[in-house]
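Below: the structure, in structure tokens.
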Amino acid sequence: GFRDLARLNYDHAAYLRIELQKAGIQATFSAPCFNEFVVRLPGGTDQYRRLLDRKIIPGVPLGQHYAELEGHYLLCATETCDKADMDRLVKEVTS
């Protein structure tokens, strides 16, 4: 039930966060997270648009709400994301 779903969401976010970290993209905040976290993506808005053009939603841009987080994105990984989706995001943001 809900416990299994919560664990799956936690595991997906942890996997994505670790894979991004391996690729050199650190989470902005070191606090524990459940299924979402903030990163600064290389390439800024150009990278964001490129990902959208490739049908990848790279997170919510936070700069429009928090000036100090310009270039940062809120990423969310839930049960709707599979490993292939997460691996594709990591590959695309680092290429």
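The values are calculated or read from the model by the stated rules, or taken from the named source; none is laboratory data. All values reported here derive from a predicted model rather than from experimental measurement. FYI the Cβ positions are ideal-geometry reconstructions off the backbone, even for glycines, and counts take in every protein chain you see. Just the protein is used for accessible areas: all its heavy atoms, side chains included, with ligands, DNA and RNA removed. Shrake-Rupley method; radii C 1.70, N 1.55, O 1.52, S 1.80 Å.
Out of all the residues in the range 20-40, which are within 14 Å of C81 (Cβ to Cβ) and buried (at least 18 other Cβ atoms within 10 Å of the Cβ)?
L20, N35, F37
Determine whether K55 is open to solvent by 30 Å² or more (accessible area, probe 1.4 Å), at pLDDT 90 or above, of a type in the set (D, E, K, R) and assigned to a loop (DSSP other than H, G, I, E, B).
Taking the combined requirement at face value, the residue satisfies it.
P32 versus (1) modelled with pLDDT of 90 or more; (2) part of a loop (DSSP other than H, G, I, E, B): which is the lone unmet condition?
Among (1) modelled with pLDDT of 90 or more; (2) part of a loop (DSSP other than H, G, I, E, B), P32 violates only (1).
Conditions: (1) free of Cβ contacts under 8 Å to residues at least 12 places away in the same chain; (2) open to solvent by 50 Å² or more (accessible area, probe 1.4 Å). L8 meets all but one. Number of the miss?
(1)
Please work out which residue is nearest to A23 (Cα to Cα), limiting yourself to the range 58-80 and to residues that are among the hydroxyl-bearing types (S, T, Y) and open to solvent by 60 Å² or more (accessible area, probe 1.4 Å).
This residue is T80.
Restricting to the range 67-82, what's the tally of residues that are in contact (Cβ under 8 Å) with a residue 24 or more places away in the chain and out of contact with any helix residue (DSSP H, G or I) (no Cβ under 7 Å at 6 or more places or on another chain)?
Count: 5.
Please verify whether D46 is at pLDDT 90 or above, at negative phi and open to solvent by 30 Å² or more (accessible area, probe 1.4 Å), treating the condition exactly as stated. Give the derivation first.
Details: at pLDDT 90 or above: no; at negative phi: yes; open to solvent by 30 Å² or more (accessible area, probe 1.4 Å): yes.
So D46 fails the test.
Might you check whether a residue that is in contact with a helix residue (DSSP H, G or I) (Cβ under 9 Å, 6 or more places away or on another chain) and among the aromatic types (F, W, Y) occurs anywhere in the range 46-53?
no
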